[in-house]
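First comes the structure, then the notes that go with it.
The values are calculated or read from the model by the stated rules, or taken from the named source; none is laboratory data. Computed from a predicted model, the values in this text were never measured in an experiment. So basically every Cβ, Gly included, is an ideal-geometry build from the backbone, and we count neighbours across all protein chains shown.
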Amino acid sequence: MLQVYLVRHGETQWNVERRIQGQSDSGLTEKGIQQAQQVAQRVRHLGITHIISSDLGRTQQTARIIAQAIGCDYVVDDRLRELDMGVLEQRDIDSLTEEEESWRRRLVDGTPDGRIPQGESMTELSQRMHAALSACLELPAQSRPLLVSHGMALGCLVSTILGLPPYAERRLRLRNCSISRVDYQQSAWLASGWVVETAGDVSHLDAPALDELQR
Ligand SMILES: O=C(O)[C@@H](CO)OP(=O)(O)O
């Protein structure tokens, strides 16, 4: 049975400052670097064979720390990027005008094709995240991949595997450097396809990030 580990990147400067990143970027904080090292400690005996990271800087920084610690290369896949949040990227969450807040709400309340101007819809996010996950099925037998991605992107993936809409990601707390796991099983009796084994585990972290608690 293919087991795929899903890791959100470590805490970033903008996570702390409550600025919207999307496909814009900011670097890991000291705490974010430490979180990535703790993920590496946690997964070092799990037999990870491939690390596949979103191409954004914060995920690659996290992937590099894990890869170096467990002695495995990493590759990038731009389908694992965070949702494109269009014109609101780089903005302070608390500074949005009423109109801007209404764009954000349309994105997360299930409005069909809701998106921030110049941004991406949750359906589009879901489709590319599932395509990236499905690519793991093409890896050699006995592979055990670890994907490094983002809060909304991974939340959307896990939610839709559970049969929930993509915007149900808001009901999942996937903190920085949390580990989730999804397995691909074929069973006549149990569910066939992807199943969620764990979501948002932070038991390996000394200091879980506060950002999701503030959202
Ligand atoms: O883009 C962002 O600001 C957040 C949203 O959840 O995503 P992440 O920090 O996981 O990249």
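Among the residues making up region 24-35, a single one is out of contact with any helix residue (DSSP H, G or I) (no Cβ under 9 Å at 6 or more places or on another chain) and crowded, with 17+ Cβ neighbours inside 10 Å: Q34.
Hand me the list of helices (runs of 4 or more DSSP H) wholly inside region 1-84 holding 1 or more residues that are within 16 Å of the ligand (Cβ to nearest atom) and either hydroxyl-bearing (S, T, Y) or in contact with a Leu (Cβ under 6 Å, 6 or more places away or on another chain) (or both). I'd like the intermediate steps shown before the answer.
On the way: elements: 13-17, 30-43, 57-70.
It comes to 30-43, 57-70.
I'd like the residue in region 88-101 that is without any contact (Cβ under 8 Å) to a residue 40 or more places away in the chain and surrounded by 14 or more Cβ atoms within 10 Å (Cβ to Cβ) and, out of all such residues, is farthest from Y167 (Cα to Cα). This residue is L96. Going by the structure shown, is R58 among the basic types (K, R) and closer than 30 Å to P140 by Cα? So R58 passes the test. Residues in region 36-76 that are under 21 Å from S126 (Cα atoms) and either surrounded by 20 or more Cβ atoms within 10 Å (Cβ to Cβ) or modelled with pLDDT under 95 (or both): I51, I52, S53, S54, L56, R58, T59. For region 127-153, residues that are over 17 Å from the mean Cα position of the chain (by Cα) and within 28 Å of T12 (Cα to Cα) total 1. Of all residues in region 85-119, count the ones that are out of contact with any helix residue (DSSP H, G or I) (no Cβ under 8 Å at 6 or more places or on another chain), more than 12 Å from the ligand (Cβ to nearest atom), modelled with pLDDT of 95 or more and not in a helix (DSSP H, G or I). Count: 1.
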